[in-house]
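The values are calculated or read from the model by the stated rules, or taken from the named source; none is laboratory data. In this text, all values refer to a predicted model and were calculated from it rather than measured experimentally. Positions of Cβ are generated from backbone atoms using ideal geometry, with glycine treated the same way; all protein chains shown enter the neighbour counts. The protein model used for the area step is the full one, side chains on, heavy atoms only, and it has no ligands, DNA or RNA in it. Shrake-Rupley method; radii C 1.70, N 1.55, O 1.52, S 1.80 Å.
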Amino acid sequence: MADYHLHLHPHHPAPPGAPLPGVYPDGYIEAYVEAAAARGVTELGFTEHLYRCVEAGPVLGDFWEREPDPRLAAHAAAFVHVERTLSLDGYAAAVLGAKERGLPVLLGLEVDYFPESIEAVVALLDRYPFDFLIGSIHWIGGWGVDHDEVADEFDRRGVATAYEQYFALEAQLAGSGAVDALAHADVVKKFGHRLPSPPLDLYEGVVKEAAASGTAVEVSSAGLWKPAREVYPAPEFLAAFQAAGVPITLASDGHAPAEAGRGHVEVVAAARAAGYTHRVRFDRRAATQVPLP
């Protein structure tokens, strides 16, 4: 089986023992492969964050400058400044080198969606031999919707409004055709903020756009370790994707070797509970269906 959402660098501040930004020590990618194999996961897709790469600066621009709230804008600017320490060229070379050594790895990328810059992003990424791209919503304007430091914005804005704004962007991403799969499609629930009942109408917009564009959705264990305590996407959301014929990938969103393949049993169980029997395998952005275990 596969884990199609892995990072080779943790977020700032890095824990002790993590490699320096842009450094890929000998045996480091092999450590991910070994940890995943111990969990029955035999194919890994690495998906570094585009915004963390210096090459992203000219195409993404200073997106936080469009944010009217100075506090949120300042947080986004500071966050990106401290995180943008990687090279897209260096990252691609490291993964491609592991591929050449015969390791079962794929070159992917996690692409943050901003409507104003997605065309420029696509043009940049077309220069690289990616196997697949996953798309994410981490910012609504300049608000980092899954960032602990500004999670109080849910109280100020209101959970219902936050959900509406988040899923409107997620639907745009799903319909853009710019990526191959949606990452943690309902990450807006990360901190445990919920509506009184599942927002089926908001889910419907995302599902419809993904089905029309042929974009897959990942089933991710990452939410299990967060206050949400639930796989991404929620059961009702995943069932709607299945009913619409939207394919899936499997993911952990791990940021260290020990996290590779984490929660694999749970994501397969969630996929099967929603009615899935297959998942997608990618190769140079071409998808094929393979059976779930």
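Data overview
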quantity: The chain - accessible surface per residue (Å², probe 1.4 Å); calculated: 40
quantity: GNM result for the chain, Cα springs below 10 Å: residue of Asp253, Asp283, Asp148 fluctuating most strongly; calculated: Asp148
quantity: Inter-probe distance in nm under a simple model that places probes 7 Å from Cα toward Cβ, at Ala31 and Glu119; calculated: 4.4
quantity: Charge dipole magnitude, Cβ of K and R +1, D and E -1 - region 1-152, Cα centre, debye nearest 20; calculated: 300
quantity: Check: the chain dipole with +1 on Lys, Arg Cβ and -1 on Asp, Glu Cβ, in debye; calculated: 620
quantity: Positive dipole terminus of the chain, leading residue within Gly141, Leu202, Met1 (C-beta point charges); calculated: Met1
quantity: Loop-resident sites, region 85-182, for GluC sites (Glu not before Pro), counting at most 11 other Cβ within 10 Å (DSSP); calculated: Glu116
quantity: Potential extension, Ser87-Ser197 segment - 0.36 nm per residue separation minus Cα distance; calculated: 35.3 nm
quantity: Value of D in µm² per second that Stokes-Einstein yields for the chain, Kirkwood Rh from Cα pairs, at 20 °C (1.002 mPa s); calculated: 112
quantity: Net length gained if the chain between Ala273 and Glu149 were fully extended (0.36 nm per residue, minus Cα distance); calculated: 41.2 nm
quantity: Unit charges on C-beta of K, R, D, E only; dipole of region 20-101, Debye; calculated: 120
quantity: Cα-based reach from Lys208 at 19 Å (exclusive), listing aspartates and glutamates while leaving out same-chain residues under 8 positions away; calculated: Glu164, Glu170, Asp180, Asp186, Glu218, Glu236
quantity: Values of log10 I(q)/I(0), in the order q = 0.16, 0.19, 0.25, 0.26 Å⁻¹, for region 1-75 under a Debye, Cα-only, solvent-free model; calculated: -0.77, -0.93, -1.20, -1.24
quantity: Farthest toward positive dipole pole in region 153-194 [+1 Lys/Arg, -1 Asp/Glu at C-beta], among Ser176, Gly192, Gln165; calculated: Gly192
quantity: Cα-Cα P(r), region 152-293, percent of pairs per 10 Å interval; calculated: 12, 43, 36, 9, 1
quantity: Sequence-separation-based contact order of the chain, relative, with Cα cut under 8 Å and 6+ spacing, percent; calculated: 21
quantity: Whether region 34-81 is rounded, prolate or oblate, judged on the alpha carbon gyration tensor where a/c under 1.5 counts as rounded; calculated: prolate
quantity: Selection from Pro13, Thr42, Gly90, by position along the positive dipole direction of the chain (Cβ); calculated: Thr42
quantity: Accessible area of the chain belonging to carbon and sulfur atoms, whole % at 1.4 Å probe; calculated: 56
quantity: Cleavage-rule hits, trypsin sites (Lys or Arg not before Pro), region 245-293, DSSP coil, Cβ neighbours within 10 Å at most 10; calculated: Arg284
